[in-house]
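One structure below.
The values are calculated or read from the model by the stated rules, or taken from the named source; none is laboratory data. Note that the coordinates shown come from a computational prediction; the quantities given were computed from them, not determined experimentally. Heads up, the Cβs are rebuilt from the backbone with ideal geometry, glycines too, and the neighbour counts pull from every protein chain shown. Please note that ligands, DNA and RNA were not included when accessible areas were found on the heavy atoms of the full protein model with its side chains. Shrake-Rupley method; radii C 1.70, N 1.55, O 1.52, S 1.80 Å.
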Amino acid sequence: MILDRRALLLGGAAFGMLPRMARAQAQQTVRLGIISDMSGPFADLSGPDPVLAVRQAIQDAAPLGLKVELVAADHQNKPDLATNIARQWLDRDGVDALIDVPASSAALAVNGVVREKNKVFLASAPGTAELTGAQCSPNTVQWTYDTWMLANPTARAMTREGGDSWYFVTADYAFGTSMEAEGGKIIAAEGGKVLGSARFPFPGTTDFSAFLLRAQASKAKVIGIAAGGTDLVNCVKQAAEFGIQKRGQKLAALILFISEVHSMGLETAKGLVCSESFYWDVNDRTRALTRRLKQDFNAPPPTMVQAGCYAATLHYLKAVAAMGVAAAKADGGAAVARMKAMPCDDDAFGPGSIRADGRKLHPAYLLEVKAPAESKGPWDYYKVLASVPGDQAFRPMAEGGCPLV
């Protein structure tokens with residue numbers, strides 16, 4: 001059945017409370033809750049399309065024979081609102097697993113609530129490596145990426161190729177500053193130098209000219225943009241207007257999503273180097289998933305966050321089926337332990353595993369945005385420069401400080 005994407009998203013945005021059910025029925029139904037940015041700076045890379053990705057996972061998990069219900073809400077990237085939604089769903093509405101949660105501050109807040117309530121947190125959008133570091137939880141799996149993975153291949157490769165002086169333009173909140181810090185460590189380890197940084201207020205900045213002019217004046221060989229969503233798009237567009245790359249400085253996006261490339265256009269984004277853990281055109285399996293999303297929900301190629309929502313949900317449902325619905329609902333920590341014990345395999349990321357600290361391991365790809373003449377069709381935006389194995393793409397577990405290990 002083909003569902004109209006606009007109608008589906010409008011329905012999803014209206015989700016606020018799951019229907020009451022008889023006790024026996026509730027005990028046999030798995031309830032999932034997506035907390036996402038439905039209308040703010042991360043709306044294109046994260047919500048509302050995770051609703052479609054999770055519905056695809058539910059559909060692909062149909063042979064498991066589970067009854068699954070889904071609820072979604074917009075947290076507006078506010079930690080207090082995310083916390084209130086989480087508590088309401090877990091306390092009143094019987095939600096068993098929370099999914100996505102962009103904005104690291106919101107994700108860390110939800111992480112604590114989920115642990116307190118002994119439920120499950122499938123973190124796809126948040127990038128803070130603290131979720132598998134000092135604030136790791138037996139109830140949380142961080143699936144898609146983190147700041148260490150984003151900075152590692154990009155900063156290492158560009159520094160080795162001669163970009164040995166950097167200046168950062170950074171969103172002044174936990175995620176942006178963490179990306180800058182991780183990138184700086186790698187640049188130094190490769191013999192490069194960070195000449196400085198300009199931090200802009202988040203959210204609310206639309207004019208990046210002052211920050212870019214400071215980066216230009218530094219004469220750094222590489223300007224690293226440690227920001228995402230519409231902030232990244234606006235910053236890159238304004239850099240193009242200033243002709244920064246034409247004057248010899250390179251731009252590195254420490255986080256970039258295909259939705260943002262689509263928004264900027266190849267003429268503006270060409271040459272940007274980034275790291276992602278999913279690209280729709282990497283192999284036959286990623287292309288097959290993208291075709292199903294198009295066929296079933298009229299969805300565009302997924303971002304890595306949306307792919308992470310799909311894959312994390314599918315693996316969670318497999319774990320629920322393996323241990324039994326009642327047992328999984330009763331003990332979220334046990335459900336996550338079962339997820340860690342089972343090998344992962346899906347069409348988004350292929351084979352993988354989940355470490356004791358909750359870090360999902362899979363390859364990361366070093367990518368470069370194509371020039372318009374190199375693109376062969378819609379959404380053909382990236383060249384794959386390198387594939388980094390999962391055990392090298394993510395921070396070693398011994399360095400994270402997770403108290404679980």
Judged on accessible area alone, 1.4 Å probe, highest first, 87, 395, 115 line up as 115, 87, 395
Divide by every residue of the chain the summed helix terms, -39500 (n - 2.57) for each DSSP H run of at least 4, and state the resulting mean residue ellipticity at 222 nm, rounded to the nearest 500 deg cm²/dmol. -12500 deg cm²/dmol
When the chain is modelled as a GNM with alpha-carbon springs shorter than 10 Å, which of 190, 267, 161 fluctuates the most? 161
Restraint check, 250/360; 185/340; 185/250; 193/246; 237/370; 250/370, Cα-Cα greater than 26 Å: 250/360; 185/340
Between helix 304-323 and the chain: long-axis angle, C-alpha atoms, 0 to 90°, nearest 10: 30
With the full set of protein chains in place, find how many percent of the accessible area of the chain is carbon and sulfur; take the probe as 1.4 Å. 53
Would you mind classifying region 300-405 by shape? Square roots of the alpha carbon gyration tensor eigenvalues, ordered a ≥ b ≥ c; an a/c under 1.5 is rounded, otherwise it is prolate if a/b is larger than b/c and oblate if not. oblate
Packing-based order for 210-216, 59-65, using average beta carbon neighbours within 10 Å, highest first: 210-216, 59-65
Can you give the angle from 0 to 90° between the axis of helix 229-242 and the longest principal axis of the chain, with both taken from C-alpha atoms, to the nearest 10? 20
With a probe of 1.4 Å, find how much accessible area region 212-289 has per residue, and write the answer as a whole number in Å². 36
I'd like the isolated cysteines in the chain, meaning no second cysteine's beta-carbon lies under 4.7 angstrom from theirs. 235, 274, 309, 344
Could you give the C-alpha radius of gyration of the chain expressed as a fraction of 2.2 N^0.38 Å, taking N as the number of residues it contains? 0.95
What do you get for the angle between helix 174-189 and the principal long axis of the chain? Use alpha-carbon atoms, 0 to 90 degrees, nearest ten. 50
Using a basic spin-label model with each label point 7 Å from the Cα along Cα→Cβ, how many nm lie between residue 281 and residue 193? 4.0
When the solvent-accessible surface of protein heavy atoms is calculated with a 1.4 angstrom probe, in what order do 362, 262 fall, highest first? 262, 362
